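Encoded as structure tokens, the structure appears first; notes follow it.
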Amino acid sequence: MSVPPADTRSKRLRQRSLERRDAERAQLRDELLAAAERLLQANGYAGFSLRQVAEETGYTPTTIYRHFKDRDDLLGTVLDKWFDKFAATLDAADRSATDPRDRLMAQSAAYIRFAVEHPAVYRVMFLERMDMGILPSGEQFVDDPAFGVLIRASQALCDAGLAGSHDVMSTAMILWMGVHGVAAMAVSSDMLAGIGAERVGVLLGQTTLAGLAHS
């Protein structure tokens, strides 16, 4: 049996060492992100700090800075993860129906369900710091993972002549403000507990659609 040359074995060892270090680095980064998610939900935006993450994980702030340049970088990474999950939820709801009105109702229900099931997450995403949940502007709307779903559904509504004289962006904004209002009330108080936030959101959506069609 032939023995690999020494330089080949050395290359393999170096490659394995690099792969092991990359895996350990990725695992540590995931651990820091998981801790940041827990702390952000427990303490909110204002109460979140890198020192808390260090205490939670047992790593020094210097170690955290090797993975995230500062507090906002870590926060932004967590928010990106949450918004991606939120967008996937809305997209799945949108794809569950073909009629434009049914698509929007499915989205409304999914939107509020997400808020009710993840109230601490929703508060940080949209309520605690306005510029963290702020919507993009202009053409960026279409490329936004979450709001882009609503725009596509609103486009279908307009194409079907079901949005009256309103354009796509106006339709999307009107619908979003309504469902966001219900979601915000659901996670901030128990006023909708007896009625059901999701039911209220769907009813509001239906009423809004009827109003749009005749205005």
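The values are calculated or read from the model by the stated rules, or taken from the named source; none is laboratory data. From a predicted model like this one, the values you see are computed outputs, not experimental measurements. Ligands, DNA and RNA are stripped out before the accessible areas are found, and what is left, the full protein with its side chains, is counted by its heavy atoms. Shrake-Rupley method; radii C 1.70, N 1.55, O 1.52, S 1.80 Å.
Of note:
- Pairs of Cα atoms farther than 12 Å apart, the range 65-117, %: 67
- Residue 25 exposes around 120 Å² of accessible area when a 1.4 Å probe is run over every protein chain in place.
- The range 142-214: C-alpha gyration tensor shape, a/c 1.5 cut-off, then a/b vs b/c: oblate
- Nonlocal amide H pairs with residue 192, under 5 Å, H built at 1.01 Å: none
- Accessible area of the range 20-81 belonging to carbon and sulfur atoms, whole % at 1.4 Å probe: 45
- Exposure of residue 207 as accessible area (Å², to 10), given a probe of 1.4 Å and all protein chains: 100
- Phi angles across the range 184-189 convert, under the Karplus curve 6.51 cos²θ - 1.76 cosθ + 1.60 with θ = phi - 60°, into 3J(HN,Hα) values of 4, 5, 5, 8, 9, 7 Hz, Gly and Pro given as x.
- Summary of the geometry: the range 164-215 and the range 57-86, compared by the centres of their Cα atoms, lie 33 Å apart.
- Average accessible area per residue (Å²) across the range 56-100 - probe 1.4 Å, nucleic acids and ligands excluded: 55
- Solvent-accessible surface ranking, highest first, for 37, 56 at 1.4 angstrom: 56, 37
- A prolate overall shape is assigned to the range 54-213, the ratio a/c of its alpha-carbon gyration tensor axes (a ≥ b ≥ c) being 1.5 or greater and a/b exceeding b/c.
- The figure for residue 99 is an accessible area of roughly 50 square angstrom, using a 1.4 Å probe on the protein chains alone.
- Residues with amide H under 5 Å from that of residue 45, placed H, sequence gap 5 or more: none
- Working note: Karplus 6.51/-1.76/1.60 with θ = phi - 60° gives the range 121-129 the couplings 5, 5, 4, 5, 5, 10, 10, 7, 9 Hz, where Gly and Pro are set to x.
- Segment residue 144-residue 71, extension gain: residue separation times 0.36 nm, minus the distance between their alpha carbons: 23.9 nm
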